[in-house]
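Asks: Let me begin by handing over the structure; questions about it come next.
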Amino acid sequence: TRNMAAWVMFYGKGSNGKSMVAQVLQSIMGPRSCASMSLTEFQDGRKGAHAEAGLVGKLLLLDDDFKHGASLPDDVLKKISETKQLTANPKYGGTFNFMCRCTPMILTNHWPRTSDLSWGLVRRAKVFHFNSTITDEEADETLLGRILANERDAIFTRLVDAWARLQARGHFMV
C-alpha cells in the first residue's frame, strides 16, 4: 500500500554512502519495481510526454545524481509523491490510465533550489542528511556485495517492521 504522501532526498557532500543505501533498497525491491531516471525528464518537452509511462508498476523512482544548481521539480514531486491516477503516453502506443504508487527519491550533493515552500511540498519531504565522509582508506569496494549476499534479508525484515510501526503511528517521526 502507499497511503502516505512522501518524497525522499538523500543529501550529503559526497563519499558518504547515499548511493550504497539506494543500491541496497533497489536490490531489496527488485529491478522491476524501480525506475532510475532524472526528474527533469518529466519536464523536458521531448521526453516529458512519455516519461510517466516509465512509472507504470514501479514503487521507486530514483534520481541518483540531481544536477547541481537545478530547481526541484515541485509540480512533479507533488504529483507523484502520493498514490494518484496518472495518464501514461508511451511512445508508439495509446494513452492509458494507471495508479502511480512510486516514491520519488533524489540523491544530491547540493541543496536543490525551489520556488515552492508550500505546505503541500514541505509536508511530503523526507530529507536524510548524510553528513559523514568515507575516506579512501575507509572505503571498502566489497562492502555492497557482502551486504547483498549476507544482510539483505535481515535489512528487509527490519524495513517491514519499521513500516508496521509507521503505519501504527500514522506519521513519520521528526
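Asks: Check Tyr92 against each of (1) modelled with pLDDT under 95; (2) closer than 20 Å to Trp7 by Cβ; (3) open to solvent by 50 Å² or more (accessible area, probe 1.4 Å) and name the one condition it does not meet.
Replies: In the conditions (1) modelled with pLDDT under 95; (2) closer than 20 Å to Trp7 by Cβ; (3) open to solvent by 50 Å² or more (accessible area, probe 1.4 Å), Tyr92 misses (2) alone.
Asks: Any residue in region 61-78 that is among the polar types (S, T, N, Q), under 24 Å from Gly30 (Cβ atoms) and either without any contact (Cβ under 8 Å) to a residue 60 or more places away in the chain or touching a Leu at 6+ places or on another chain (Cβ under 7 Å) (or both)?
Replies: Scanning region 61-78 turns up no residue that is among the polar types (S, T, N, Q), under 24 Å from Gly30 (Cβ atoms) and either without any contact (Cβ under 8 Å) to a residue 60 or more places away in the chain or touching a Leu at 6+ places or on another chain (Cβ under 7 Å) (or both).
Asks: Return the only residue of Lys84, Lys91 being touching a His at 6+ places or on another chain (Cβ under 9 Å), among the basic types (Lys, Arg) and under 23 Å from Leu39 (Cβ atoms).
Replies: Exactly one residue qualifies, and that residue is Lys91.
Asks: Okay, next question. Which residue out of Gly54, Gly30 is of a type outside the set (Lys, Arg) and at positive phi?
Replies: After applying the criteria, what remains is Gly30.
Residues are listed down the side, and each one gets a yes or a no for (1) under 15 Å from Trp7 (Cβ atoms); (2) modelled with pLDDT under 90:
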site: Arg32; (1), (2): no, no
site: Phe42; (1), (2): yes, yes
site: Gly48; (1), (2): no, yes
site: Ala53; (1), (2): no, no
site: Lys58; (1), (2): yes, no
site: Leu62; (1), (2): yes, no
site: Phe66; (1), (2): yes, no
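Asks: So Asp75 fits all but one of (1) touching a helix residue (DSSP H, G or I) at 6+ places or on another chain (Cβ under 7 Å); (2) closer than 19 Å to Phe42 by Cβ; (3) not hydroxyl-bearing (Ser, Thr, Tyr); what number is the exception?
Replies: With respect to (1) touching a helix residue (DSSP H, G or I) at 6+ places or on another chain (Cβ under 7 Å); (2) closer than 19 Å to Phe42 by Cβ; (3) not hydroxyl-bearing (Ser, Thr, Tyr), Asp75 is out only on (1).
Asks: Tally time: how many residues in region 105-137 are of a type in the set (Lys, Arg), farther than 16 Å from Pro73 by Cβ and loosely packed, with under 15 Cβ neighbours inside 10 Å?
Replies: 1
Asks: Of all the residues that make up region 128-173, how many are β-branched (Val, Ile, Thr), under 19 Å from the mean Cα position of the chain (by Cα) and either closer than 23 Å to Ile106 by Cβ or not in a helix (DSSP H, G or I) (or both)?
Replies: 1
Asks: May I pose another question? Across region 1-57, which residue is nearest to Ala149 (Cα to Cα) among those that are among the polar types (S, T, N, Q), open to solvent by less than 60 Å² (accessible area, probe 1.4 Å) and part of a helix (DSSP H, G or I)?
Replies: In this case the residue turns out to be Ser27.
Asks: Please enumerate the residues belonging to region 95-140 that are within 19 Å of Met173 (Cα to Cα), hydrophobic (A, V, I, L, M, F, W, C) and in contact (Cβ under 8 Å) with a residue 12 or more places away in the chain.
Replies: Correct list: Met105, Leu121, Ala125, Val127, Phe128, Phe130.
Asks: Would a scan of region 96-103 turn up a residue that is of a type in the set (A, V, I, L, M, F, W, C), part of a helix (DSSP H, G or I) and touching a helix residue (DSSP H, G or I) at 6+ places or on another chain (Cβ under 7 Å)?
Replies: no
The values are calculated or read from the model by the stated rules, or taken from the named source; none is laboratory data. This structure is a prediction, so every number in the text was calculated from the model and none was measured. No Cβ is skipped: glycine too gets one built from the backbone with ideal geometry, and neighbour counts run over all protein chains shown. Side chains included, ligands, DNA and RNA excluded: accessible areas come from the protein's heavy atoms. Shrake-Rupley method; radii C 1.70, N 1.55, O 1.52, S 1.80 Å.
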